[in-house]
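Take a look at the structure below.
The values are calculated or read from the model by the stated rules, or taken from the named source; none is laboratory data. These numbers come from a predicted model, not from an experiment. Don't worry about glycine lacking a Cβ; one is built from the backbone with ideal geometry, like all the others, and counts go over all protein chains shown.
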Amino acid sequence: MTSAPITVTTSRRARPGTHADLSGWLSEGTALVQVFPGFLGSGWLQPTREDESWHALYRFTDAQALQRWERSPERERWLADAEHLVEDTASSRRTGLEGWFAAEPAGQAPPPAPPRWKQAVTIWLGFFPTSLLAGYLLLPHLTGLSVLLRTLVATLCLTPVMVFLVLPRITGALGWWLGGQPPPWRR
């Protein structure tokens, strides 16, 4: 097994009329996994008009921590509670930062991860303007704080913005480039 952090992506489609129940079930699962040893973080994306699936990212310190979670009685009970809520499920695993880039369609093998340099450029394209904006709007209000507290507040504010707003949009817009495809205007 690998000792690198591992990211699991899942997609779950709600049965008709169960969206509110599924939302509660997902919240319960997030609360369960948050206290599990080796858990690093997670996030859920709600369905859109184009895709009715709920998508999740879970990250663990290593494959062993993920395996302990996947074999836990807490997870088994939690999954059993959703049998009447979910129509289908797809899942994949990735190590390193590539876990935060493009999830594969259900039932297909994961695409190859983008080269590290493309991942770095993509992250920088989101990080630079976000940091610049934070430096202009947020940091002037934190001047009385120590460097440690300023950094803590800034990273607590910027991390969710990057993970839930900026990076999904950047990776979506650059998906063709990250996947080695021609740009949309040349197809």
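Here are some notes:
- Matching residues, the stretch 138-187, being of a type in the set (Ser, Thr, Tyr) and either farther than 21 Å from Val121 by Cβ or exposed (fewer than 13 other Cβ atoms within 10 Å of the Cβ) (or both): Thr143, Ser146, Thr151, Thr155, Thr159
- Selection count where residues are on the phi < 0 side of the Ramachandran plot and without any contact (Cβ under 8 Å) to a residue 24 or more places away in the chain, scope the stretch 1-18: 1
- Selection status of Ser72, at pLDDT 90 or above and among the polar types (S, T, N, Q): yes
- Only a single item in (1) farther than 12 Å from Thr9 by Cβ; (2) at pLDDT below 75 is not met by Phe101, and it is number (1).
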